[in-house]
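Have a look at the structure below before the remarks.
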Amino acid sequence: MAEYGKRERDKPWIMRTYSGHSTAAASNELYRTNLAKGQTGLSVAFDLPTQTGYDADDPLARGEVGKVGVPVSHIGDMRALFDGLPLDQMNTSMTINATAVWLLSLYVAAAEDQGVDPSVLRGTTQNDIIKEYLSRGTHIFPPAASMRLITDLISYTVNDVPKWNPINICSYHLQEAGATPTQELAYALVTAIGVLDAVKATGRVPESEFGNVVGRMSFFVNAGIRFVEELCKMRAFVELWDRVTQERYGVTDPKQRRFRYGVQVNSLGLTEQQPENNMIRIVLEMLAVTLSKDARARAIQLPAWNEALGLPRPWDQQWSLRAQQILAYESDLLEYPDLFKGSEVVEAQTQHLVDSAWAEVQEVLKRGGAVEAVESGYIKQKLVESNAARLRAIENGDQIVVGVNKYVESAPSPLTENLDDAILTVDPEVDANQRAALGRWKEERDNAAVEQALAELQRVANTDENMMAASIAAAHAGVTTGEWANTLRQVWGEYRAPTGVAGATVKASGSGASADVIDRLRARLSELETRMGRRAKLLVGKPGLDGHSNGAEQIAIKARDVGFDVVYEGIRVSPEQIVASALEEGVHLIGLSILSGSHLALVPEVAERLRASGLGDVPLVVGGIIPDADAERLRHEGIAAVYTPKDFELDNIMSDLIDLVDRQHAAE
Amino acid sequence: MPPSDLADDPQAVMSADKAAVSRALNLVEDRRPEAHTRVTELLAKLKDAPKAAGGHRVGLTGPPGVGKSTLTSVLARAVRQRGRTLGVVAVDPSSIRSGGSLLGDRARMSFDPADAGLFVRSLATAGEVGGLAYAANSAMRVLAAAFDMVVVETTGVGQSEIDIVHVADTVVLVIQPGSGDVLQFLKAGIMEIPDILVVNKADHEELAKRAVADLRGALQTAHAAGASSGQDASWETPIIATSATKGSGIDELIDALDGHRQHLEATLAARRRQGEVQWTLDLFSRKHGEHGVSTLGGLARLKARAERDLDGGQTPLSLCEHLSREYVAALGKTP
């Protein structure tokens, strides 16, 4: 029998690190270092103002500039970001959605400035705005306008930048929002169907070339710790996509039907407790997306072991890159054909996922498709319910998380000895510097050309012409990110998406000890109501531009289930709005959720405004990825409690919240 | 000083001071017996506020998921643009199991926090049967003293829409294309005909046209069977197609609201009085049941009594308290 090991090694996947912070220049330096370390592609993280279409000088951008990614306000920033990096040789993935048309325009314009023909550019724009309504929360416009931007970008690149992946349908964030493997498969597929149907409906792509569009669709997938199930999920994806492309779109070329996907393994499951264990999780999760040759990722980016603590440093990212390199170059994985073909277990589990996901796909299509199921809140509610079940299982101990709800004892870890040095801190001057640089940019450019470009942009937005040409012209003219987005806001309006929390039902909390705890909390709130005359009312606010709302949603649902009246405002509210809501709603307690790292800018501002409105007595708590030193500082400034990912026992948080209201009532 | 003391500042409420309005709302939600007298007094003082007499109280109701929150948000902006001030009460159901609630209306609304002329309050039904919270009724009265227009937004079809008739000058029913059950309810007369019908989510012109036509048919059937809007035969219910996401139809809706308010000018006092009578009777019978009603001489007699006493300056709350005392006294006399 022939020895399998004699085959030629497969080409490894593209290795990237999701990175970018502070400024274009600082990020450029980081990219050069990463490439020198053997990274084979770039993955640009943009800051939240850039993702949501605000300039650094916008009041909503306060505290967010350069935090979770690099600020790119205009073509000057884009040039600086890729200074010395020849764009015809890069493979660049951009995590950008609502403003994807704009950032691609800046990229194309910067390439033209480098003398590079756009047709040779390679890379990916995430451009999946549908999932933003469900999970990530960086959408700007109503669904119809968003779908138009998605399809404009696709029909542009299919013709003009043929090697570009115009969209990365993201099941990644669906899993972060709570999706089970079945839901992740189903909702990613209905999104892809929604997008392809919309492209078809534009009539801009001739029937004969539609296969090219299908062939450029790519996916961005998550891989969690249940790695056998995840491995089967990837195989199920391959099978289902083949079915959809063949049956629904009649694509005959098998190459165009291939399920092409990139991966970032699960960040949500990384723990703040014993964070070194995360490296083991990351490696296991990577196996799920690499072991099957027939369903192998084409690009992988790994999170860093300390992401639950704060922003990773270059060394942390390097460690993750080394893990990929060891698997791809040191191990023999790439020497073999598919390892699981014919495996009874893997095939049966894959089939199970195919069947259950297909049923849910049909359910959503019956409801009118992805956009309709987003607008009605159907998908969001399903995700919120799944997430609540997941968190409850961890809280009950039904789902073991090592170091969190089991095996929690630990010798002192040398890696986190000095916790404040174990993460990256962004220079607080970044914000002011970017604002100043923006001011200079606006002074030095040809403002008449800018006005003209914006007028053209507005004209096109009111027609059904493709937005790309006008956007590329605007990029060359020196238009800023905020100006581009504001022009379109005026034409299309903004959209506040369903939160999915109001209708979410959570299964009874089981029996025994956990049910007793809930009953006790409910009894305490009823008793408190009798004494206060009103039921305790909690405002859950998400200040800033961060749209990761899962934490806030789960707190809101849990608080309702123990008996609070909960006012949930949704994402992206300003400190002014939070204080106005607190005043009008007459709340007893305010909880803020911030994951972008801008807590030191936003929380004290909310506190200050509360005092100025005569609400200084209302207890204020905050939850998020908040380093210990920052938590200490916030408590010192009068914040009643600070919660971080290690506080996974929601019942305990609820008990604290009731204490706070009770104590405040007693003081009055 | 307990902050609630400031709640009894009717002047500040009437000048739409947000802190005062909020405290007044906290007070009317307060169910402790010791708060009761203060609520009664406060509402009596607010009863004749200049805004209250001239203002417009709108009840907005409809099945879940038809986009009422977004519609309210768009309506609020348009009302403000016309230079009028607005108070909103958004009512959501409480969980029967936990007593808690998730008040999600604000999440769908975008508003300017610096706008002194817009005030939004979310209220839980507090487990009360009948949709409209006990407090919503009083909350409407507080806001009516402070703002030009008050919108009470409530979810459901059936009971809540009956309740809303008691507090609103104008009842708006919001549905979406394809709400077949509402059509059936209207035709069968299970549901009272609203003063204004809105077909929201009318983004697709064809679907919207069909929905409007279906509704017109249903109204004709209902009229043929003798039904009329709010027992007001002289008002023909307009049907308006809106798209809250596109902002279309909103001006027509405001015009229709204004049209109905004008139509009511002569009968407004009587309509509001009728609502108060009904509310008084509801409050009393919820508290003391049929036995209470029959002990005080039956429904017709109580109604006549309420009409007379409310004319004499009582408010529904104070009158109900009065009646309760009489009932308790009467109970003492029976063996």
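The values are calculated or read from the model by the stated rules, or taken from the named source; none is laboratory data. Bear in mind the structure is a predicted one, so any value in this text is a computation, not a measurement. Because the Cβ atoms are built from the backbone with ideal geometry, glycine has one as well, and the counts that use them run over all protein chains shown. To get the accessible areas, we keep the full protein, side chains included, count just its heavy atoms, and leave off ligands, DNA and RNA. Shrake-Rupley method; radii C 1.70, N 1.55, O 1.52, S 1.80 Å.
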Q) Before we move on, is A:Arg243 closer than 22 Å to A:Ile130 by Cβ and not in a helix (DSSP H, G or I)? A) no
Q.
Between a residue in segment B:169-183 that is without any contact (Cβ under 8 Å) to a residue 40 or more places away in the chain and any residue that is among the charged types (D, E, K, R) and in a loop (DSSP other than H, G, I, E, B), which pairs come within a Cβ distance under 8 Å, given they are 6 or more apart or on different chains?
A. B:Pro177/B:Lys201
Q) Quick check: is even one residue across segment A:273-291 touching a Lys or Arg at 6+ places or on another chain (Cβ under 7 Å), open to solvent by less than 20 Å² (accessible area, probe 1.4 Å) and under 30 Å from A:Asp421 (Cα atoms)? A) no
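So, B:Leu257, is that one assigned to a helix (DSSP H, G or I), under 30 Å from B:Gln81 (Cα atoms) and assigned by TED's automatic domain parsing to the domain that holds B:Arg82 or not? Give the derivation first.
Values: assigned to a helix (DSSP H, G or I): yes; under 30 Å from B:Gln81 (Cα atoms): yes; assigned by TED's automatic domain parsing to the domain that holds B:Arg82: yes.
Considered against the rule, which asks whether it is assigned to a helix (DSSP H, G or I), under 30 Å from B:Gln81 (Cα atoms) and assigned by TED's automatic domain parsing to the domain that holds B:Arg82, B:Leu257 comes out as yes.
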Q. Within 13 Å of chain A (Cβ to nearest Cβ) and under 30 Å from A:Leu528 (Cα atoms), is that true of B:Val13?
A. no
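For segment A:556-572, name all the residues that are within 14 Å of B:Gly104 (Cβ to Cβ) and open to solvent by 10 Å² or more (accessible area, probe 1.4 Å).
Initial filter on segment A:556-572 (within 14 Å of B:Gly104 (Cβ to Cβ)): A:556-557, A:559-560, A:564-571.
Across segment A:556-572, the qualifying residues are A:Arg560, A:Asp565, A:Ile571.
Looking at segment B:266-303, which of the residues that are part of a helix (DSSP H, G or I) and polar (S, T, N, Q) is surrounded by the most Cβ atoms within 10 Å (Cβ to Cβ)? Lay out the reasoning, then the answer.
Applying the first criterion (part of a helix (DSSP H, G or I)) to segment B:266-303 yields B:268-295, B:299-303.
Imposing the further condition that a residue be polar (S, T, N, Q) reduces the set to B:274, B:278, B:280, B:285, B:294-295.
Working: B:Gln274: 18, B:Gln278: 18, B:Thr280: 27, B:Ser285: 16, B:Ser294: 13, B:Thr295: 17.
Among those residues, the one meeting the criterion is B:Thr280.
So which residues in segment A:317-351 are in a loop (DSSP other than H, G, I, E, B), among the hydrophobic types (A, V, I, L, M, F, W, C) and either in contact (Cβ under 8 Å) with a residue 60 or more places away in the chain or not assigned by TED's automatic domain parsing to the domain that holds A:Pro275 (or both)? It would help to see each step written out before you state the result.
Initial filter on segment A:317-351 (in a loop (DSSP other than H, G, I, E, B)): A:331-332, A:336-343.
Retained after the next criterion (residues that are among the hydrophobic types (A, V, I, L, M, F, W, C)): A:339-340.
Passing the criteria: only A:Phe340.
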**Q.** Where a residue in segment B:295-311 is without any contact (Cβ under 8 Å) to a residue 40 or more places away in the chain and its partner, wherever it lies, is among the polar types (S, T, N, Q), with Cβ under 6 Å and at least six apart
**A.** B:Ala306/B:Thr280
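Would you check which residues across segment A:247-277 are over 30 Å from A:Thr644 (Cα atoms) and of a type in the set (Ser, Thr, Tyr) and list them?
Here is the first cut: in segment A:247-277, the residues over 30 Å from A:Thr644 (Cα atoms) are A:247-261.
Matches in segment A:247-277: A:Tyr249, A:Thr252, A:Tyr261.
Can you name every one of the helices (runs of 4 or more DSSP H) wholly within segment A:27-141 that holds 2 or more residues which are within 28 Å of A:Val501 (Cβ to Cβ)? Can you show your working first?
Numbers: elements: A:48-52, A:75-81, A:100-113.
Correct list: A:48-52.
Has segment B:45-62 got at least one residue that is within 12 Å of another protein chain (Cβ to nearest Cβ) and either over 18 Å from B:Leu173 (Cα atoms) or out of contact with any Leu (no Cβ under 6 Å at 6 or more places or on another chain) (or both)?
Our first condition is that a residue be within 12 Å of another protein chain (Cβ to nearest Cβ); within segment B:45-62, this holds for none.
Scanning segment B:45-62, I find no residue that is within 12 Å of another protein chain (Cβ to nearest Cβ) and either over 18 Å from B:Leu173 (Cα atoms) or out of contact with any Leu (no Cβ under 6 Å at 6 or more places or on another chain) (or both), so the answer is no.
Rundown of residues vs (1) open to solvent by less than 60 Å² (accessible area, probe 1.4 Å); (2) outside the structural domain of A:Gly570 (by TED's automatic domain parsing); (3) outside any helix (DSSP H, G or I); (4) of a type outside the set (Gly, Ala, Ser), yes/no style:
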position	(1), (2), (3), (4)
A:Gln362	no, yes, no, yes
A:Leu365	yes, yes, no, yes
A:Val371	yes, yes, no, yes
A:Val374	yes, yes, no, yes
A:Ile379	yes, yes, no, yes
A:Val384	yes, yes, no, yes
A:Ala389	yes, yes, no, no
A:Glu395	yes, yes, no, yes
A:Pro412	no, yes, yes, yes
Q: Inspect all residues belonging to segment A:247-268 and state whether any of them is open to solvent by 20 Å² or more (accessible area, probe 1.4 Å), small (Gly, Ala, Ser) and either in the same structural domain as A:Ile169 (by TED's automatic domain parsing) or not in a helix (DSSP H, G or I) (or both).
A: yes
**Q.** Residue ID - farthest from A:Ile193 (Cα to Cα), chosen from residues in segment A:349-358 that are open to solvent by less than 60 Å² (accessible area, probe 1.4 Å) and over 26 Å from the mean Cα position of the chain (by Cα)
**A.** A:Gln349
Q.
Looking at the structure I just gave you, is A:Ala448 surrounded by 13 or more Cβ atoms within 10 Å (Cβ to Cβ) and of a type outside the set (Lys, Arg)?
A. no
Q: Give the residues of segment A:201-221 that are crowded, with 17+ Cβ neighbours inside 10 Å, of a type outside the set (Phe, Trp, Tyr) and assigned to a helix (DSSP H, G or I), sorted by residue number.
A: A:Gly211, A:Val213, A:Val214, A:Gly215, A:Arg216
